[in-house]
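Everything on this sheet refers to the single structure shown next.
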Ligand SMILES: Cc1cc2nc3c(=O)[nH]c(=O)nc-3n(C[C@H](O)[C@H](O)[C@H](O)COP(=O)(O)OP(=O)(O)OC[C@H]3O[C@@H](n4cnc5c(N)ncnc54)[C@H](O)[C@@H]3O)c2cc1C
Ligand code: FES
Ligand code: FES
C-alpha cells in the first residue's frame, strides 16, 4: 500500500500535500506557501539557526519536541509529524508564550533576525523539560548565532524559565494532536513531481523492492549532508529514497557485549546512550554540529559520507567497529577500517546501504577522544583523535589509535600502533611513538589548519592520552 500524499499536523489540523516537490526545503514551504515569514534564512546550510523550527513526534505515546534546521530539510520528510513555527507560539488569546516573554523581559533581542530561531530552540528544550541545568541550556542554543545582542541576555532568558510552569496551549491541545498524529496514514510514500521521485518506505523489504526498480538512488537520512546539493550547489536531486521512516533501522541495543546501532538512529540518541560505556564518545557528540543537526543527522549518514573529518569515524575506528551492509542479495559485515577507500569513497556499491553497526564494549580498556576545532561548539574538526588501549602490568596489550583530519580518509595509525603493542606504558615510549605518526600520516594544508599544525597536534594528543591515563586526571578546558 502506498500514498502520494504527505500528511502532517499544523495549527491543530491535518494537512495533506499531494506530490510536493521532493527538493523543496521546509523553510521555503513555510515562507512561500504557509506565508509565515517569522522563520528566517541566514546561511541555508544548517550553520546559523535562524531557520529553526520544532517538530512534534510521537515517541512512546508522548510528543517529543525536536528543534531542526528547516533550511536543510525537505518538505516530504514532514510526513507523520507536527510542524510548529514561531508564529504558533502566541496563544489563542494573543498572549506571548513564556519563552517569548522571557526573551523580551531579559532584552535578549536587538535587530531580531536571529530571535525566532533562538525562541524555537529554547521552546523545544522547555517543552521537553530539559532546561534544568546550565549545560543543557548552552547546548540547546549552540546551533544559533546572534551577531548583535550577545549571548548573555539570551542565556539569562532561558535560565529564567527553569522556575516557570511549562503548561501552555500545546499541553491544552496535547490529546487532540496525539489523536491527529495517529490518524496519519502508515503507508509507503511514493511521490512523483515533474522529473523528480521520492520514496519513503516503511520496511526494509519495501526498501529492497524500491531499490530494484530504481537502481541508482540517493539515500536520504538526516539530510544534513545530502540536502546541501540543493541548497548550496543549486542542483536537483532527482531520485530520493528516504530511509528514516523505517523503524527497523532505528534502534540501539546491547547484543553479545556489543552496542548495536541501527543506521538511521539520530546522533542525539547515540550521544545519550553511549555516555555509560564511552563518556568521551558522548563528549565528542555534544560538540558535533548542534542540537538541530544531531536531532536529524544519523550514525549511518556520518559513516556513508566517509568525510575525512567526520567526527564519529576515528572513534568508531578505534573501537574496531563493524558495519552491516545490505547488498543486493544478502547482508555482509565488514570492519569499518576496510570501508573507506578514498576521499569520500566507500566500499558501498550502487543500491547498497548500511543497516547497522556493532561497537564492541571494551570493559578493561582506556578509551579517550579529542576534537580540535577553532570554535568549541558547532565547528568542523581540524583534527579528531581517538585512543583505545588495554594496559596490564604496565604493558600495552591492545592498542587502537585513529585520527580524522590527518589524511583523505579517517584512518588508524598502524605504524604507531605496531610500535606501541607489547611496549611499556611509559612516557619515553610515547615520546618515541609520537614520531611514528609522521610515517602514518601526510596531512594537507587547508583553511582549517596547516600540515605542520595537524602533525604537532596529533603528536601532542597521543602524549595527552598517556598523561591523562597515567595520572587518572583530565587535562581539559571544559
Ligand atoms: C551545520 C552542520 C554542522 C555539522 N557538523 C558536523 C560535525 O561537527 N561533525 C561531523 O562529523 N559532521 C558534521 N556535519 C556533517 C553531517 O552532519 C554529517 O555528515 C551527518 O552525519 C550526515 O548524516 P545524515 O543522516 O544527515 O546523512 P544524509 O545527509 O542524509 O546523507 C549523507 C550521505 O550518506 C548517504 N547515506 C545516508 N544514510 C545511509 C545509509 N544508511 N546507507 C548508505 N548510505 C547512506 C546519503 O546517500 C548521502 O550520500 C555537519 C553538517 C552541518 C550541515
Ligand atoms: S538558515 Fe542558517 S541554519 Fe538554516
Ligand atoms: S538580535 Fe541581531 S543577530 Fe541576534
Pairs, please: C-beta under 7 Å, at least 6 apart or cross-chain, first residue at positive phi and in segment 33-48, second surrounded by 16 or more Cβ atoms within 10 Å (Cβ to Cβ) and assigned to a loop (DSSP other than H, G, I, E, B)?
-> 46/224
Taking only pairs six or more apart or across chains, which ones have beta-carbon atoms under 7 Å, a first residue in segment 190-204 that is free of Cβ contacts under 8 Å to residues at least 60 places away in the same chain, and a second residue that is assigned to a loop (DSSP other than H, G, I, E, B)?
-> 195/238; 201/245; 201/246; 202/186; 202/245; 202/246; 203/246
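Out of all the residues in segment 215-232, which are in a loop (DSSP other than H, G, I, E, B) and within 13 Å of ligand 1 (Cβ to nearest atom)? Lay out the reasoning, then the answer.
Narrowing segment 215-232 to residues in a loop (DSSP other than H, G, I, E, B): 215-217, 221-227, 232.
Once the filter is applied, which keeps residues that are in a loop (DSSP other than H, G, I, E, B) and within 13 Å of ligand 1 (Cβ to nearest atom), segment 215-232 yields 216, 217, 221, 222, 223, 224, 225, 226, 227, 232.
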Can you tell me which of 425, 389, 465 is out of contact with any helix residue (DSSP H, G or I) (no Cβ under 6 Å at 6 or more places or on another chain), outside the structural domain of residue 287 (by TED's automatic domain parsing), more than 25 Å from residue 340 (Cα to Cα) and in contact (Cβ under 8 Å) with a residue 60 or more places away in the chain?
-> 465
Just to be sure, is residue 72 surrounded by 21 or more Cβ atoms within 10 Å (Cβ to Cβ) and either free of Cβ contacts under 8 Å to residues at least 60 places away in the same chain or farther than 28 Å from residue 151 by Cβ (or both)?
-> no
Among residues of segment 353-384, those that are in contact with a helix residue (DSSP H, G or I) (Cβ under 9 Å, 6 or more places away or on another chain) and without any contact (Cβ under 8 Å) to a residue 40 or more places away in the chain, counted = 0
Residue match in segment 23-34 (condition: within 24 Å of residue 92 (Cβ to Cβ), in the same structural domain as residue 76 (by TED's automatic domain parsing) and more than 15 Å from ligand 2 (Cβ to nearest atom)) = yes
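Considering only strands (runs of 3 or more DSSP E) fully contained in segment 360-409, which possess at least 1 residues that are more than 27 Å from the chain's Cα centre (by Cα)? Give the derivation first.
On the way: elements: 366-372, 383-392, 395-404.
Answer list for segment 360-409: 383-392, 395-404.
Conditions tested, residue by residue: (1) under 27 Å from residue 229 (Cβ atoms); (2) touching a residue at least 40 places away in the same chain (Cβ under 8 Å); (3) not assigned by TED's automatic domain parsing to the domain that holds residue 213.
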| site | (1), (2), (3) |
| --- | --- |
| 252 | no, no, yes |
| 259 | no, yes, yes |
| 262 | yes, yes, yes |
| 265 | yes, no, yes |
| 269 | yes, no, yes |
| 275 | no, no, yes |
Scope segment 99-116; condition crowded, with 23+ Cβ neighbours inside 10 Å and within 16 Å of ligand 2 (Cβ to nearest atom); matching residues | 114, 115, 116
Go through segment 37-61 residue by residue and tally those that are at pLDDT 95 or above and away from ligand 2 (no atom under 15 Å from the Cβ).
-> 3
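The values are calculated or read from the model by the stated rules, or taken from the named source; none is laboratory data. From a predicted model like this one, the values you see are computed outputs, not experimental measurements. Cβ: placed from backbone, ideal geometry, glycine included. Neighbour counts: every protein chain shown.
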